[in-house]
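This report concerns only the one structure given below.
Only the coordinates and a few stated rules stand behind these numbers; no lab work does. Model, not experiment: these values are computed from the prediction. Cβ: placed from backbone, ideal geometry, glycine included. Neighbour counts: every protein chain shown.
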Amino acid sequence: PDRLSDKHVVRLVQRLALAAGVRGDLPEGRRRRLFAGHSLRAGLATSAEAEERTVQRHLGHATAEMTRRYQRRRDRFRINLTRAAGL
């Protein structure tokens, strides 16, 4: 009773993504489908500065290919454009 269920996590992630205006260019229904508990797993897999094998083992993936599907572009925010522009 003191734990969050998977459904609670999904609703929390969706509510926060909508409130933050993430992907505000899309209709609300589409945005809800884009964000769920897997968004957290993908974020973890992407931001973890660990060997792919370690991430694979932690997430419980049987293959490295599945782990790669969870990893988004790692270099996306390496260069902070605001800082690079002197702002």
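Side notes on the structure shown:
- Charge dipole of the chain about the Cα centre (unit charges at C-beta), most positive-ward option of V22, L40, V10: V22
- The charge dipole of the chain, taken about the Cα centre with unit charges on the Cβ atoms of Lys, Arg (+1) and Asp, Glu (-1), comes to about 240 debye, rounded to the nearest 20.
- As a calculated quantity, the FRET efficiency between T63 and D25 at R0 = 22 Å, using C-beta atoms, amounts to about 0.05.
- Fewest-first sequence of D2, D25 by Cβ atoms within 10 Å of each Cβ: D2, D25
- Charge tally in the Cβ shell below 12 Å around V9, where Lys, Arg are +1 and Asp, Glu are -1, V9 excluded: +4
- Relative contact order (%) - the chain, alpha-carbon pairs under 8 angstrom, separation at least six: 23 percent
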